[in-house]
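Written out below as structure tokens is the structure these notes cover.
The values are calculated or read from the model by the stated rules, or taken from the named source; none is laboratory data. Quick caveat, the model's predicted, so the values are computed rather than measured. Ideal geometry is used to build each Cβ from the backbone, glycine not excepted, and the neighbour counts take in all protein chains shown.
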Amino acid sequence: MKTATAKELRVRASSILENVKRGDEVVITMRGQSIAIIKPFKKIKKLFEPIGFGIWEKRKDMTDVQKWLDDRRKERFHR
């Protein structure tokens, strides 16, 4: 774990944040005492299913999304 003073954080904020972005944790100190830890967010993967929720749940025509879209994008009137 790296450390940086409050003054270093003000002066070199972008480089400290780059270190955090790479996965390092940085302890911020002020007058010799630790006051904060800056660490990267953990990415949470959300499972998203485009079909089967809300008002679309019971639609039979939405089982194949690509086919449904193709049908909607067809010309309605032939010239």
Pick out the one residue from I16, I44 that is loosely packed, with under 12 Cβ neighbours inside 10 Å and among the aliphatic types (A, V, I, L, M).
I44
Every residue in the stretch 19-35 that is more than 21 Å from the chain's Cα centre (by Cα) and exposed (fewer than 13 other Cβ atoms within 10 Å of the Cβ), please.
M30, R31, G32, Q33, S34, I35
Residue that is at pLDDT 80 or above and on the phi > 0 side of the Ramachandran plot, where the choices are R31, R22, R72, R10
R31
